[in-house]
1. Mind checking which residues of the stretch 129-154 are in contact (Cβ under 8 Å) with a residue 40 or more places away in the chain and in contact with a helix residue (DSSP H, G or I) (Cβ under 7 Å, 6 or more places away or on another chain)?
2. Filter the stretch 322-342 down to residues that are surrounded by 21 or more Cβ atoms within 10 Å (Cβ to Cβ) and either more than 10 Å from the ligand (Cβ to nearest atom) or assigned to a loop (DSSP other than H, G, I, E, B) (or both), then give me how many there are.
3. Run residue 310 past the list (1) within 16 Å of the ligand (Cβ to nearest atom); (2) over 24 Å from residue 81 (Cβ atoms); (3) part of a helix (DSSP H, G or I) and report the number of the one that doesn't hold.
4. Among the residues of the stretch 219-247, write down those that are farther than 21 Å from residue 8 by Cβ and either within 13 Å of the ligand (Cβ to nearest atom) or not in a loop (DSSP other than H, G, I, E, B) (or both).
5. Are any residues in the stretch 164-195 within 22 Å of residue 324 (Cα to Cα), without any contact (Cβ under 8 Å) to a residue 60 or more places away in the chain and touching a helix residue (DSSP H, G or I) at 6+ places or on another chain (Cβ under 7 Å), and if so, which ones?
6. Check whether at least one residue in the stretch 86-106 is closer than 29 Å to residue 163 by Cβ, away from the ligand (no atom under 16 Å from the Cβ), at pLDDT 95 or above and out of contact with any strand residue (DSSP E or B) (no Cβ under 8 Å at 6 or more places or on another chain), and report yes or no.
7. Among the residues that make up the stretch 2-25, is at least one of them assigned to a helix (DSSP H, G or I) and under 20 Å from residue 182 (Cβ atoms)?
8. Please work out if residue 202 is within 30 Å of residue 288 (Cα to Cα) and under 14 Å from the mean Cα position of the chain (by Cα).
Ligand SMILES: Cc1cc2nc3c(=O)[nH]c(=O)nc-3n(C[C@H](O)[C@H](O)[C@H](O)COP(=O)(O)O)c2cc1C
């Protein structure tokens, strides 16, 4: 039924539907259920230790023998800029006081880059069928080593220039992520422009610019969105928000409740938690930081200052609940059933468009 089967052939899938890697929310149970249903399950591995990564893959492999995707952020090691840290700390002090928290950290804890030789070696050992990156690509040697091991590589682009850069770097599949998307923007620039490009505009322009299969991501919440992605020139979709309401997802109770009543205007783009732009539920803290427009510590050092604020009990005051603009379309279904629904809905749209019958 799929009008473009390139992604299915390349990644060994029945359906070109990728469950987005969502660090903290995509569990091995969720990823395995999606892969077993014929899509591509993914794990967001950026925040995992190497032991966690190995254990998660063992857990996944115990549940499925199909393709799955392991995802990593590729940000450089954050620069220890004490002046920037001190300025952000100063601005956040009133929030610490208001929430009755202690003193904010005086300096960022040293951290390495998102992707490094140890992760590379572990991946070469684990040999997943697919690895995806967010924020760009790792160095050329890592890309070559992963490709030489027969691993298919995907990465996110938020502009045409980024998609071209991924093609030049040897990536196999481009994920075109529109501004509607929940979670961190995969922009290759640490300070992404506030006026991002939406999925409807981005996908056809990237599909024209590169020869690689393009996967559409951002604001796709049902079979209509999936069919639209193919009309725009995509060979598949990556959906994150839609899978957050599955019982297998690691979504916390507060976010599950918010997703039940979600609207298209709940969220905003904010860098006030991690130091990089992400779409999350609007909050007073994020609004205020947005108005201030100050330099923030590099991703992910900003979490050293923002994490304690998340103890606030009111999501509208301070929260970092990631979801996208199409959350209202979410359904609370087991992942296998959800994938089957998405496939059936897309098929119905394709048929309706072919026959012209409403
Ligand atoms: C809760 C959440 C966490 C996410 N974490 C990651 C991540 O760890 N790595 C990544 O590449 N993308 C991540 N994303 C972005 C997704 O890959 C994808 O671009 C996005 O979910 C698509 O838009 P949608 O949420 O409207 O479906 C995340 C998205 C959400 C909603």
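1. 129, 130, 131, 137, 152
2. Residues flagged as surrounded by 21 or more Cβ atoms within 10 Å (Cβ to Cβ) and either more than 10 Å from the ligand (Cβ to nearest atom) or assigned to a loop (DSSP other than H, G, I, E, B) (or both) within the stretch 322-342 amount to 9.
3. (2)
4. Result: 219, 221, 241, 244, 245, 246.
5. If the condition is that a residue be within 22 Å of residue 324 (Cα to Cα), without any contact (Cβ under 8 Å) to a residue 60 or more places away in the chain and touching a helix residue (DSSP H, G or I) at 6+ places or on another chain (Cβ under 7 Å), then 174, 176, 178, 188 are the ones that fit.
6. The answer is no, given that none of the residues of the stretch 86-106 is closer than 29 Å to residue 163 by Cβ, away from the ligand (no atom under 16 Å from the Cβ), at pLDDT 95 or above and out of contact with any strand residue (DSSP E or B) (no Cβ under 8 Å at 6 or more places or on another chain).
7. no
8. Taking the combined requirement at face value, the residue does not satisfy it.
The values are calculated or read from the model by the stated rules, or taken from the named source; none is laboratory data. Every value quoted in this text rests on a predicted model; they were computed, and no experiment measured them. Cβ atoms come from the backbone with ideal geometry, glycine included; neighbour counts cover every protein chain shown.
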